[in-house]
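A short write-up of the structure that comes next.
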Amino acid sequence: MSISHIPRGFHSVTPYFLIEDGDLFADFLKKAFDAEVIDDHREKGRLVHGAYRIFGSIVESGETGERFLPREMAMHLYVEDCDEVYEKALAAGGVSIHEVMDMPYGERSGGVKDPCGNHWYIATQMMDMYPDNDQGVNDQ
């Protein structure tokens, strides 16, 4: 049996968050996005590597230390109901960047900053934004 070069359930591009507080980050992901914990590897109580499934995609994280400094990131997250997920993200400790609104490029979205400083642009496609793209993830 051969092993794939990509771990099961992952895509070739996987966001990796460098954060100061792994528990704070994981708690936000679970409350805001119903994240499923895939991996929670710790050494001396410190999160060395975490992986979380969010709406069918996986993100990873690790607490910072001497070698790596924390970095804020921005993520674009497509969901079925952006209004509902936006409200859940706020209730989970996020701060609004901008309220949910219809965008001129075909989606409805709102922005939330998580407790670790990362931006989440939570969106629902309202029209077929890329009709000529026959390589969509949902088509595989």
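The values are calculated or read from the model by the stated rules, or taken from the named source; none is laboratory data. This one's a predicted model, so the numbers in the text were calculated from it and none came from an experiment. Backbone-built Cβ (ideal geometry, glycine too); neighbour counts: all protein chains shown.
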Residue in the range 104-112 that is modelled with pLDDT of 95 or more, touching a helix residue (DSSP H, G or I) at 6+ places or on another chain (Cβ under 8 Å) and of a type in the set (Lys, Arg) present: yes
Pick from the range 89-107, criterion over 14 Å from the mean Cα position of the chain (by Cα) and part of a helix (DSSP H, G or I), ranking: surrounded by the most Cβ atoms within 10 Å (Cβ to Cβ): Leu90
Verdict on Ile54 being at pLDDT 95 or above and farther than 16 Å from Phe25 by Cα: no
Residue in the range 45-64 that is in contact with a Phe, Trp or Tyr (Cβ under 9 Å, 6 or more places away or on another chain), under 27 Å from Ile6 (Cβ atoms) and surrounded by fewer than 14 Cβ atoms within 10 Å (Cβ to Cβ) present: yes
Qualifying position, being modelled with pLDDT under 95, over 14 Å from Ala32 (Cα atoms) and of a type outside the set (Phe, Trp, Tyr), among Thr64, Thr124: Thr64
Cβ pairs under 8 Å, 6+ apart, first in the range 1-16 and exposed (fewer than 10 other Cβ atoms within 10 Å of the Cβ), second of a type in the set (A, V, I, L, M, F, W, C): Ser12/Ile6
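A quick yes/no check of all residues on (1) of a type in the set (Ser, Thr, Tyr); (2) without any contact (Cβ under 8 Å) to a residue 24 or more places away in the chain; (3) farther than 18 Å from Ala123 by Cα:
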| position | (1), (2), (3) |
| --- | --- |
| Val37 | no, yes, yes |
| His41 | no, yes, yes |
| Arg46 | no, no, yes |
| Phe55 | no, no, no |
| Ser61 | yes, no, yes |
| Gly65 | no, yes, yes |
| Leu77 | no, no, no |
| Asp83 | no, no, no |
Count - residues of the range 22-65 that are in a loop (DSSP other than H, G, I, E, B) and hydroxyl-bearing (Ser, Thr, Tyr): 1
Sole exception among (1) surrounded by fewer than 18 Cβ atoms within 10 Å (Cβ to Cβ); (2) modelled with pLDDT of 95 or more; (3) not in a strand (DSSP E or B) for Met75, by number: (3)
Single unsatisfied condition, Val37 versus (1) closer than 18 Å to Ala92 by Cβ; (2) out of contact with any Phe, Trp or Tyr (no Cβ under 9 Å at 6 or more places or on another chain); (3) among the β-branched types (Val, Ile, Thr): (2)
Within the range 108-128, tally of residues that are part of a loop (DSSP other than H, G, I, E, B), surrounded by 12 or more Cβ atoms within 10 Å (Cβ to Cβ) and in contact with an Asp or Glu (Cβ under 9 Å, 6 or more places away or on another chain): 5
